[in-house]
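Down below is the structure, laid out as structure tokens.
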Amino acid sequence: MLDLKWVLSNLDQIKIVLQNRNQNFDLSTLESINQKRKTLQAEFDQLRSLQNHTSSEIQKLQKTRQDATAVIAEMQSVAKRIKEITPELAALELEIEKILLHIPNIPHTTVPLGKGEEDNLPLRSWGLKKDFSFEAKEHSQLGEDLNILDFERGAKITGARFTLYKGLGARLERALINFMLDVHTGQHGYTEMLPPVLVNSESMTGTGQLPKFEEDLFKTTTGYYLIPTAEVPVTNIHRDEILKESELPLKYVAYTLCFRSEAGSYGKDMKGLIRQHQFNKIELVKFAHPSHSYEELEKLTQDAEAILQRLGLHYRVVTLCTGDMGFSAAKTYDIEVWLPGQNTYREISSCSNFEDYQARRMKIRFKDRDGKNKFVHTLNGSGLAVGRTLVAILENYQQEDGSVLIPEVLQSYMGGVKKIT
């Protein structure tokens, strides 16, 4: 959430930001509501001041046994008006907060202008595309042929966009989870967390999923939400807390199941593991000092890249443009892995700096050297999306005979298995 005073002082800039982010949003309502709030607040403050001043005057009159009836009657009228104003003010402040919750973050100055993914800026790449002497198959066909992915039974058990992993397919998914956690905790310095996958509405609001993206979420009958990413519970760990400056940056990694309704994607990527309602993900989350958060974004992105490098998977990194960036982000790098079976790149991680946008919602602060409380900057990124990493391994390590080699770094996690046949 953006600071109200800053928004009201920079409305022209906000309007440009909304336009650049493809957001159709009328700010005139915010201006009019805030003007009503200021008028009421001024009246409230004036009446409070009068009430405080007159109460001492009444005490003096009563001490000297003078008649205070008229003054007391006047104060009763003032108290009545204060009682009327209080809920009106609260209602206006709630309306303002609702509007602010729908305004996206301000892009960093280094974010390229653009309308969609075609305007994203390629930054770097690693490795080379696999050169096959045969026609590469997609992971869905490989998974079925090797009897390690069962899309039909997954759909029978639950419905579309659910998959049953079998045998070495299930073991490969588990191997990837353990491998990623081991690298991030043992070599990148993250502390492992295992958070709940059900969260309350305050947690969803804190990271920016609510109120704007409710249709993308699964909600239980008890009012809890299934998390779309571990970003939600892990970032909320320090909600309403004041951290020590010396603790920053705090670095957490978490494995969780994730759940997304994929609203608006009807008919898109229906086959295979690319767009599932339920999937596994390793999430990296940082709480950083504002002065160093962009350095931490570079490091976080490199930590995610390191997993792909160890697995020997070709990828590229792109800087998302203003029109393709997530609602809460100030800057985002997408890591896209090459999938030869589909002859395309697919996002496997988004690494973002949210600056103080989420921290303001969650009231996550730190006390600086001068004793002042300031908002931290929050960052996160997939380290990596596990199912999509499995997809990349199947498609990049496939052999002409239909088998799939296991990357060397995973073989110990697979009990010594070197090939799926």
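First check a/c for segment 247-371, with a ≥ b ≥ c the square roots of the eigenvalues of its C-alpha gyration tensor; if it is under 1.5, answer rounded, and if not, answer prolate when a/b is larger than b/c or oblate otherwise. Prolate, because a/c is 1.5 or more and a/b exceeds b/c. Each residue, Asn10 and Arg310, gets one label point 7 Å from its Cα in the Cβ direction; the gap between the two is 3.9 nm. The loop-placed GluC sites (Glu not before Pro) in segment 230-280, going by DSSP, that have at most 13 neighbouring Cβ atoms within 10 Å of their Cβ come out as Glu241.
R0 = 41 Å: FRET efficiency of Lys156 with Asp26, Cβ-based, nearest 0.05? Once the sixth-power term is evaluated, E becomes 0.30. For the set Lys80/Lys363; Lys219/Lys271; Lys15/Lys286; Lys15/Lys331; Lys129/Lys271, the pairs lying more than 28 angstrom apart at their alpha carbons are Lys80/Lys363; Lys15/Lys286. Helical content of the chain, expressed as a calculated mean residue ellipticity at 222 nm, amounts to -12500 deg cm²/dmol (DSSP H runs of 4 or more residues, -39,500 (n - 2.57) each, divided by residue number, nearest 500).
Selection among Leu320, Val285, Tyr413 by position relative to the dipole of segment 272-421 gives Val285 as farthest towards the positive end (Cβ unit charges, Cα centre). Sketch the reach of a paramagnetic label on Glu245 as a point 7 Å from Cα along Cα-to-Cβ, and name the residues of segment 360-389 whose backbone nitrogen lies under 16 Å away. Under 16 Å, as judged by backbone N against the label point of Glu245, lie 365-377 of segment 360-389. Among the trypsin sites (Lys or Arg not before Pro) in segment 1-90, those placed in a DSSP loop whose Cβ has at most 10 other Cβ atoms within 10 Å are Arg65. Could you tell me which of rounded, prolate or oblate describes segment 41-172, using a ≥ b ≥ c as the square roots of the eigenvalues of the alpha-carbon gyration tensor, with rounded for a/c under 1.5 and, failing that, prolate when a/b is larger than b/c and oblate otherwise? Taking the square roots of the gyration eigenvalues as a ≥ b ≥ c, segment 41-172 is prolate. Here the dipole of segment 298-398 is about 580 debye; that uses its Cα centre as origin and unit charges on the Cβ of Lys and Arg (positive) and Asp and Glu (negative).
Net charge dipole, the chain: roughly 920 debye, given to the nearest 20, about the Cα centre with Cβ charges of +1 for Lys and Arg and -1 for Asp and Glu. The Asp145 and Thr222 beta-carbon pair, evaluated with R₀ = 41 Å, returns a calculated FRET efficiency of approximately 0.45.
Leaving out ligands, DNA and RNA, and with a 1.4 Å probe, what % of the accessible surface on the chain is carbon or sulfur? Accessible surface attributable to carbon and sulfur in the chain totals 48 percent.
An oblate overall shape is assigned to segment 140-294, the ratio a/c of its alpha-carbon gyration tensor axes (a ≥ b ≥ c) being 1.5 or greater and a/b not exceeding b/c.
Excluding Asn200 itself, what net charge comes from residues whose Cβ is under 12 Å from its Cβ, given Lys and Arg +1 and Asp and Glu -1? So the environment of Asn200 carries a net charge of +1. In loop segments of segment 1-107 as defined by DSSP, there are no chymotrypsin sites (Phe, Trp or Tyr not before Pro) with at most 10 further C-beta atoms inside 10 Å of their C-beta.
The values are calculated or read from the model by the stated rules, or taken from the named source; none is laboratory data. Since this is a predicted model, take the numbers as computed values, not measurements. Please note: Cβ atoms are built from the backbone with ideal geometry, for glycine as well, and neighbour counts cover all protein chains shown. What goes into the accessible areas is simple: the full protein's heavy atoms, side chains included, and nothing from ligands, DNA or RNA. Shrake-Rupley method; radii C 1.70, N 1.55, O 1.52, S 1.80 Å.
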